[in-house]
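**Student:** Got a structure for you, written out below as structure tokens; questions coming shortly.
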Amino acid sequence: MGSPLRVLHAVVNMNHGGAETLIMNLYRNINREKVQFDFLTCKAGLFDKEIEAMGGKIYRIPYLTEAGHFGYLQALNTFFTEHKTYKIIHSHMDKMSGFVIRAAKKAGIPVRIAHSHNTQSEGHLFIKMYKWYAGTFIRPNATHLYACSQAAAEWMFISEAKQTFILNNGIEIDKFKYSNIKGSLLRDAFNITEEAFVLGHVGRFHEQKNHKFIINLFYILNKEMENLHLVFVGDGPSRKEMERKVKELKLDKKIKFLGVRDDISDLLQMFDLFIFPSFFEGLPVTLVEAQASGLPCIISDSITEEVDLNLGLIHRLSISDKDLWIRKVKELKKEPPSREIVKEHLVTKGYDIKYTAADLQAKYLSVGGR
């Protein structure tokens, strides 16, 4: 048997983000004797050691913020000139993929996949304009267009959205099956009683995720409800600001910041309700995971309806009306849904990572000439 087909994934870093979690889920479940993942990154990531343990190579070039516009483009061109043996480049950098894909085409990389994981660009106006410019190079240089949802495809690929391959954000379903025992053990570890009602949020601390809304919501709820707790999982540029806000509101005994964790599947077991008021999203992996855990979710109505797996767990509300959220939290506390989920429903919906990985593997081998 020959060596595996090596696919190069382009990301900023391999930390615990939605796209990165999907890539790792795929990597763990793909047949690595047939397809091997390598990574072009700009910064060290938390998944790096696991990647290398599974046989993946990690290359690093300076990012735009360090090298500047021309320096970054030169770094991309130099890298691909020196690594022409790759047959497939799979870029996950949203509109910034335009620069990556263009450099890969110049070097003669035959298969160039641009993958949309979002429905808006992050950052202030100038950054968004710059990313828009980068995005203009995607369609002329990409050979294949992928997205996590139709909404994400329409945002990044516009007129070609209908030709986009939707790759579901698959998860290891069995890993997220509800376990009251796991939930109880974690509550003990964090000094949270069994009787407490726990709101949870998993996500990077960035303006997009709307953490201020969650804290302000909890501030009101905490006045009206007894034995209430809030748990944040994740890290990011706005975390310190949110921690300061919590202390100012004197809620630091009721709100926990757990940082980056590798036991999300267990942490979901101790939550009673998932809060996700993002301003925009593609199709968050964490909401698929929460539903697989049977966890009711109150989410912003700006998030695509595609995230609702028809399990009766998603409640989409406008973030312009906080009273709606307050009433819904109280309603779900009074009448919580069953946490038992029929696995076959998620499989039928296409969110079993085993099938997602097998499908992607077949596509890689087909376009890679294997």
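The values are calculated or read from the model by the stated rules, or taken from the named source; none is laboratory data. Since the structure is predicted, the reported quantities are computational estimates derived from the model, not experimental observations. So basically every Cβ, Gly included, is an ideal-geometry build from the backbone, and we count neighbours across all protein chains shown. Accessible surface areas use protein heavy atoms only, side chains included; no ligands, DNA or RNA. Shrake-Rupley method; radii C 1.70, N 1.55, O 1.52, S 1.80 Å.
**Student:** State all residues of the range 234-266 that are in contact with a helix residue (DSSP H, G or I) (Cβ under 7 Å, 6 or more places away or on another chain) and closer than 19 Å to Val329 by Cβ; if no residue qualifies, say none.
**Tutor:** Kept after step one, since they are in contact with a helix residue (DSSP H, G or I) (Cβ under 7 Å, 6 or more places away or on another chain), are these residues of the range 234-266: 238, 242, 245-246, 249, 251-252, 254-255, 257, 261, 264-266.
Listed by number, the residues that qualify are Val246, Leu249, Leu251, Lys254, Ile255.
**Student:** In the range 110-214, which strands (runs of 3 or more DSSP E) lie fully inside it and hold 3 or more residues that are touching a residue at least 60 places away in the same chain (Cβ under 8 Å) and not β-branched (Val, Ile, Thr)? Can you show your working first?
**Tutor:** Working: elements: 111-116, 144-147, 197-202.
Because the criterion is at least 3 residues that are touching a residue at least 60 places away in the same chain (Cβ under 8 Å) and not β-branched (Val, Ile, Thr), the strands (runs of 3 or more DSSP E) in the range 110-214 that meet it are 197-202.
**Student:** Hey, another quick one. Return yes or no: is Ser121 open to solvent by less than 90 Å² (accessible area, probe 1.4 Å), more than 25 Å from Val111 (Cβ to Cβ) and over 23 Å from the mean Cα position of the chain (by Cα)? Give the steps one after another, and end with the answer.
**Tutor:** Details: open to solvent by less than 90 Å² (accessible area, probe 1.4 Å): yes; more than 25 Å from Val111 (Cβ to Cβ): yes; over 23 Å from the mean Cα position of the chain (by Cα): no.
Taking the combined requirement at face value, the residue does not satisfy it.
**Student:** Just to be sure I understand, how many residues within the range 272-312 are small (Gly, Ala, Ser), at pLDDT below 95 and either outside any loop (DSSP other than H, G, I, E, B) or crowded, with 20+ Cβ neighbours inside 10 Å (or both)?
**Tutor:** Of the residues in the range 272-312, 1 are small (Gly, Ala, Ser), at pLDDT below 95 and either outside any loop (DSSP other than H, G, I, E, B) or crowded, with 20+ Cβ neighbours inside 10 Å (or both).
**Student:** Right, something else. Quick one: in the range 191-212, which of the residues that are in contact with a Lys or Arg (Cβ under 6 Å, 6 or more places away or on another chain) and hydrophobic (A, V, I, L, M, F, W, C) is farthest from Ile255 (Cα to Cα)? Please lay out each step first, then the result.
**Tutor:** Applying the first criterion (in contact with a Lys or Arg (Cβ under 6 Å, 6 or more places away or on another chain)) to the range 191-212 yields 197, 203, 205.
The next check asks that each one be hydrophobic (A, V, I, L, M, F, W, C); those that pass are 197, 205.
Details: Phe197: 12, Phe205: 15 Å.
The qualifying residue farthest from Ile255 (Cα to Cα) is Phe205.
**Student:** So, one more: Quick one: Lys212 ticks every box in (1) modelled with pLDDT of 95 or more; (2) under 22 Å from Val285 (Cα atoms); (3) of a type outside the set (A, V, I, L, M, F, W, C); (4) buried (at least 17 other Cβ atoms within 10 Å of the Cβ) except a single one, so which number is it?
**Tutor:** Unmet for Lys212, out of (1) modelled with pLDDT of 95 or more; (2) under 22 Å from Val285 (Cα atoms); (3) of a type outside the set (A, V, I, L, M, F, W, C); (4) buried (at least 17 other Cβ atoms within 10 Å of the Cβ): (4).
**Student:** Being among the basic types (Lys, Arg), open to solvent by 30 Å² or more (accessible area, probe 1.4 Å), modelled with pLDDT of 95 or more and in contact with a strand residue (DSSP E or B) (Cβ under 7 Å, 6 or more places away or on another chain): is that true of Lys106 here? Please lay out each step first, then the result.
**Tutor:** On the way: among the basic types (Lys, Arg): yes; open to solvent by 30 Å² or more (accessible area, probe 1.4 Å): yes; modelled with pLDDT of 95 or more: yes; in contact with a strand residue (DSSP E or B) (Cβ under 7 Å, 6 or more places away or on another chain): no.
Taking the combined requirement at face value, the residue does not satisfy it.
**Student:** Ok, one more. Is there a residue in the range 176-191 that is in contact with a Ser or Thr (Cβ under 6 Å, 6 or more places away or on another chain), crowded, with 17+ Cβ neighbours inside 10 Å and either acidic (Asp, Glu) or within 22 Å of Gly259 (Cβ to Cβ) (or both)?
**Tutor:** Checked the range 176-191: at least one residue is in contact with a Ser or Thr (Cβ under 6 Å, 6 or more places away or on another chain), crowded, with 17+ Cβ neighbours inside 10 Å and either acidic (Asp, Glu) or within 22 Å of Gly259 (Cβ to Cβ) (or both).
**Student:** Still on this structure, I have one more. Could you grab me the full set of residues in the range 192-208 that are within 24 Å of the chain's Cα centre (by Cα), at pLDDT 95 or above and farther than 13 Å from Leu258 by Cβ?
**Tutor:** Hit for the range 192-208 is Leu199, nothing else.
**Student:** Here's something else I'd like to know. Please go through the range 80-95 and pick out each residue that is open to solvent by less than 50 Å² (accessible area, probe 1.4 Å), in contact (Cβ under 8 Å) with a residue 60 or more places away in the chain and not acidic (Asp, Glu).
**Tutor:** Our first condition is that a residue be open to solvent by less than 50 Å² (accessible area, probe 1.4 Å); within the range 80-95, this holds for 80, 83, 86, 88-95.
Next cut, in contact (Cβ under 8 Å) with a residue 60 or more places away in the chain only: 83, 86, 88-95.
Scanning the range 80-95 gives His83, Tyr86, Ile88, Ile89, His90, Ser91, His92, Met93, Lys95.
**Student:** Same structure, new question: Considering only residues of the range 259-303 that are under 15 Å from the mean Cα position of the chain (by Cα) and among the aromatic types (Phe, Trp, Tyr), which is farthest from Phe213 (Cα to Cα)?
**Tutor:** That would be Phe280.
**Student:** Out of the range 328-370, which residues are farther than 24 Å from Ser300 by Cβ, over 24 Å from the mean Cα position of the chain (by Cα) and assigned to a helix (DSSP H, G or I)?
**Tutor:** Once the filter is applied, which keeps residues that are farther than 24 Å from Ser300 by Cβ, over 24 Å from the mean Cα position of the chain (by Cα) and assigned to a helix (DSSP H, G or I), the range 328-370 yields Leu365, Ser366, Val367.
**Student:** OK, next. Go through the range 226-271 and report how many residues are at pLDDT 95 or above and of a type in the set (Asp, Glu).
**Tutor:** Qualifying residue count for the region: 4.
**Student:** Across the range 60-73, which residue is surrounded by the most Cβ atoms within 10 Å (Cβ to Cβ) among those that are within 16 Å of Ala10 (Cβ to Cβ) and without any contact (Cβ under 8 Å) to a residue 40 or more places away in the chain?
**Tutor:** Start the filter on the range 60-73 by keeping residues that are within 16 Å of Ala10 (Cβ to Cβ), which leaves 60-64, 67, 72-73.
Filter again for without any contact (Cβ under 8 Å) to a residue 40 or more places away in the chain, leaving 60-62, 64, 67, 72-73.
Values: Arg60: 16, Ile61: 17, Pro62: 14, Leu64: 18, Ala67: 16, Tyr72: 20, Leu73: 15.
Within the range 60-73, the match that is surrounded by the most Cβ atoms within 10 Å (Cβ to Cβ) is Tyr72.
**Student:** Out of the range 141-165, which residues are in contact with a strand residue (DSSP E or B) (Cβ under 6 Å, 6 or more places away or on another chain) and of a type in the set (Val, Ile, Thr)?
**Tutor:** The answer is Thr143, Thr164.
**Student:** While we're looking at this one, here's another question. Among the residues of the range 34-54, which ones are over 18 Å from Leu22 (Cα atoms) and either open to solvent by less than 40 Å² (accessible area, probe 1.4 Å) or in contact with a Ser or Thr (Cβ under 6 Å, 6 or more places away or on another chain) (or both)?
**Tutor:** Scanning the range 34-54 gives a single hit, Cys42.
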